[in-house]
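The values are calculated or read from the model by the stated rules, or taken from the named source; none is laboratory data. Note that the coordinates shown come from a computational prediction; the quantities given were computed from them, not determined experimentally. Here the Cβ positions follow ideal geometry from the backbone for every residue, glycine too, while neighbour counts run over all protein chains shown.
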Amino acid sequence: MIITQKRDRKQLLENIRDYNSFFLIGCSECSTLCGTGGEPELKEMKELLESEGKKVTGTFVAKTGCQVLGTKVELKKNFKSEVDDAECILVMSCGAGTQSVVELFKDKPVYPTNDSLFLGNMTRMQFFDERCSLCGDCILDRTGGICPVTACPKGLLNGPCGGTNEGKCEVSADIECAWVRIYNRLKQIDRLDDMKKISDPKNWSAHKKPMNLNVREKASSEKK
Ligand code: SF4
Ligand code: SF4
């Protein structure tokens, strides 16, 4: 899931000071779980705006904010007049959700209320860890399923650096050395020989910007 945190509210109010009426859009998926764009946060934002003398024409928590077509259908079907009545739209999801709305309402200013931080795993309620950096060329098959690209601050691919110390990372004692974790994991699953395999330099071109993928086109070209 995409991990978001609330942007500084003072800065947000400064950004939107020229507008008087707002429509608020959240997302029922990641930003709801992060506590940045679900029903309670939309209510909180509505109260904040109203306390500043602004008007909120409506609020809506999209099922999946980054799903452009679905969000368009939901909004146009149920909230057309509320959106039309607003001078500005605030999007309380991730940057992808914000840009879905930019695409749908070309004539309206759209502002994000959150910062998008990383792709995360929720390990307990509202506690998130980064496990994958979306490199586009996965090496988990060689590392016992632990990602050194993400878990090692240096992204080392062939064993630990000289700074590893009693299982901790030299960058911070709060971080377990990724390569000690990988070693322990490989030992546990009887795959320690994998430690001896040298990984080639990473193919970073597999992570070009902007990425896109047409699954249907890819599937039909693979059939040919
Ligand atoms: S190797 Fe790349 S794709 Fe695989 S988990 Fe790590 S960052 Fe993600
Ligand atoms: S101590 Fe381990 S996790 Fe930290 S930078 Fe070195 S290899 Fe990476």
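A few comments on the model shown:
- Here the strands (runs of 3 or more DSSP E) wholly within segment 110-186 that include at least 2 residues being more than 15 Å from ligand 2 (Cβ to nearest atom) and in contact with a helix residue (DSSP H, G or I) (Cβ under 6 Å, 6 or more places away or on another chain) are 110-112.
- Filter pass, residue 42 being surrounded by fewer than 20 Cβ atoms within 10 Å (Cβ to Cβ), among the aliphatic types (A, V, I, L, M) and part of a helix (DSSP H, G or I): no
- For residue 83, the stated conditions do not hold, so it cannot be described as in the same structural domain as residue 160 (by TED's automatic domain parsing) and outside any loop (DSSP other than H, G, I, E, B).
- Matching residues in segment 120-138 - criterion: being surrounded by 14 or more Cβ atoms within 10 Å (Cβ to Cβ), touching a residue at least 24 places away in the same chain (Cβ under 8 Å) and within 8 Å of ligand 1 (Cβ to nearest atom): 135
- Filtering 26, 53, 35 for residues that are surrounded by fewer than 21 Cβ atoms within 10 Å (Cβ to Cβ) and closer than 23 Å to residue 117 by Cα leaves a single hit, 35.
- Looking only at residues of segment 65-100 that are modelled with pLDDT under 95, under 21 Å from residue 1 (Cα atoms) and among the β-branched types (Val, Ile, Thr), we find that the one that is farthest from the chain's Cα centre (by Cα) is 71.
- Applying a threshold of 9 Å to beta carbon distances and a minimum spacing of six or more residues, or different chains, the list of pairs starting in segment 4-28 at a residue that is free of Cβ contacts under 8 Å to residues at least 12 places away in the same chain and ending at one that is surrounded by 14 or more Cβ atoms within 10 Å (Cβ to Cβ) reads 18/87; 18/88; 18/109.
- Just so you know, in segment 56-66 the residues that are touching a Gly at 6+ places or on another chain (Cβ under 9 Å) and either assigned to a helix (DSSP H, G or I) or not aromatic (Phe, Trp, Tyr) (or both) include one that is surrounded by the most Cβ atoms within 10 Å (Cβ to Cβ), and it is 65.
- Some residue of segment 84-100 being over 30 Å from residue 54 (Cα atoms), surrounded by 14 or more Cβ atoms within 10 Å (Cβ to Cβ) and more than 10 Å from ligand 2 (Cβ to nearest atom): no
- Tally, over segment 1-39, of residues that are over 15 Å from the mean Cα position of the chain (by Cα) and either on the phi > 0 side of the Ramachandran plot or in a helix (DSSP H, G or I) (or both): 8
- Cβ-Cβ under 8 Å pairs, at least 6 apart or on other chains, segment 193-216 side touching a residue at least 40 places away in the same chain (Cβ under 8 Å), far side surrounded by 10 or more Cβ atoms within 10 Å (Cβ to Cβ) and assigned to a helix (DSSP H, G or I): 194/142; 194/186; 197/142; 199/142; 202/149
- Positions within segment 185-196 being surrounded by 16 or more Cβ atoms within 10 Å (Cβ to Cβ) and away from ligand 1 (no atom under 16 Å from the Cβ), in sequence order: 195
- Qualifying positions in segment 149-179 - farther than 25 Å from residue 213 by Cβ and within 12 Å of ligand 1 (Cβ to nearest atom): 151, 152, 178
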